[in-house]
Amino acid sequence: MAKLKLCILISGRGSNLKSLIDACKAEDFPAEIALVISNDTEAYGLKRAEEAKVPSYVISHKEFSTRDHFDDTMAKKIKKYNVDLICLAGFMRILGDKLIDQWKNKIINIHPSLLPSFKGMNIHQRVIDSGVKFSGCTVHFVRCEMDSGPILLQAIVPVLPGDDAKTLAARILKQEHKVYPKAIKMIASGRVKIKNEKVIIDGAYSTEESLVNPLL
Ligand code: GRF
């Protein structure tokens, strides 16, 4: 069967990109990375793409006076590669409504909290300050409102006494690297449907498949 063609959008370190590069190395993984786009020339993820011999491009938002123009330039590039799914992996720009609507249900994002809690930035410190006992990460389909959209997969991670934002982020990141490839596998299986803005997985009898829970 043809593999799902991915475009990965990054802005920095690219550790999630690396987890996808590694997952794609397995012959039976149902997706391949067609291209990587970074909005930042300095993104370390670009080096990872180069090492993996994946085509990568810098489209710097700084060179565009409007978001529409930036988005259109990205969309043109993505189209050239016959991409099936756009994966945001630490991409620090907000995409415009037009692009999101054009690619409805074909853009996913990974966010380091249990959405819909703790959207936005400075997440881990806010989690610690709030006193919640669990955090985690979420893969969701992208909608126009930031960090919103139908939730596909989540992993739960404990917030431990003595945690700071760094230690918590590191514990969550480990799970992110498992969750993102799994989410892509699920989408490639064709069993993921969205009804009333909720993800339904054909043939799943419980929510088990939507949870990657290291505590159990
Ligand atoms: C991850 O924590 C991801 O959830 C968030 O940004 C971070 C990106 O890290 N959206 P990396 O660039 O993939 O290492």
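How many percent of DSSP beta bridges within the chain run antiparallel, rounded to 5? Before the final figure, lay out the partial values.
On the way: 15 of 34 bridges.
Among the beta bridges of the chain, antiparallel pairing accounts for roughly 45 percent.
Stretched out fully, how many nm does the piece from residue 166 to residue 193 gain, at 0.36 nm a residue minus the Cα gap?
Length gained, residue 166 through residue 193: 6.2 nm.
Averaged per residue, what accessible surface does the chain expose to a 1.4 Å probe, in Å²?
With all protein chains present, the chain gives 53 Å² per residue.
Between residue 58 and residue 105, with labels modelled 7 Å along Cα→Cβ, what's the label distance in nm to one decimal, could you check?
3.7
Holding the Cα-Cα limit at 24 Å, pick out from 106/182; 3/104; 18/62; 25/47; 62/98; 62/166 the pairs that are longer than that.
Details: 106/182 16 Å; 3/104 20 Å; 18/62 26 Å; 25/47 17 Å; 62/98 20 Å; 62/166 29 Å.
18/62; 62/166, as the Cα separations exceed 24 Å there.
Can you list which of the trypsin sites (Lys or Arg not before Pro) found in region 1-85 are DSSP loop residues with at most 12 other C-beta atoms within 10 Å?
Here the sparse-neighbourhood loop sites are 53.
For an R0 of 41 angstrom, estimate the FRET efficiency from the Cβ-Cβ distance between residue 82 and residue 119 and round to the nearest 0.05.
That pair, residue 82 with residue 119, gives E of 0.80.
Keeping all protein chains in position, work out how much accessible area residue 118 exposes to a 1.4 Å probe, and write it in Å² to the nearest 10.
Here the accessible area works out near 50 Å².
Using a 1.4 Å probe on the protein heavy atoms, what percent of the accessible area of region 1-108 belongs to carbon and sulfur?
The value for region 1-108 is 48 percent carbon and sulfur by accessible area.
Do you know the relative contact order of the chain, to the nearest whole percent, from alpha carbon pairs under 8 angstrom that are 6+ apart?
Computed over the chain, the figure is 19 percent.
Stretch residue 1-residue 145 to full length: gain in nm at 0.36 nm per residue minus the Cα-Cα span?
48.4 nm
At 1.4 Å probe size, what's the solvent-accessible area of residue 177? Round to the nearest 10 Å².
For residue 177, solvent-accessible area is about 60 Å².
For the ranges 197-204, 104-111, what's the packing order if you count other beta-carbon atoms within 10 Å of each residue, average per peptide, and put the highest first?
104-111, 197-204
Let me know the shape class of region 74-201, please: from the alpha-carbon gyration tensor, a ≥ b ≥ c as square roots of the eigenvalues, rounded when a/c is under 1.5, otherwise prolate if a/b is greater than b/c, or oblate.
Details: a/c = 2.04, a/b = 1.75, b/c = 1.16.
In terms of gyration-tensor shape, prolate.
The values are calculated or read from the model by the stated rules, or taken from the named source; none is laboratory data. This structure is a prediction, so every number in the text was calculated from the model and none was measured. Positions of Cβ are backbone-derived with ideal geometry, glycine not excepted, and every protein chain shown enters the neighbour counts. Please note that ligands, DNA and RNA were not included when accessible areas were found on the heavy atoms of the full protein model with its side chains. Shrake-Rupley method; radii C 1.70, N 1.55, O 1.52, S 1.80 Å.
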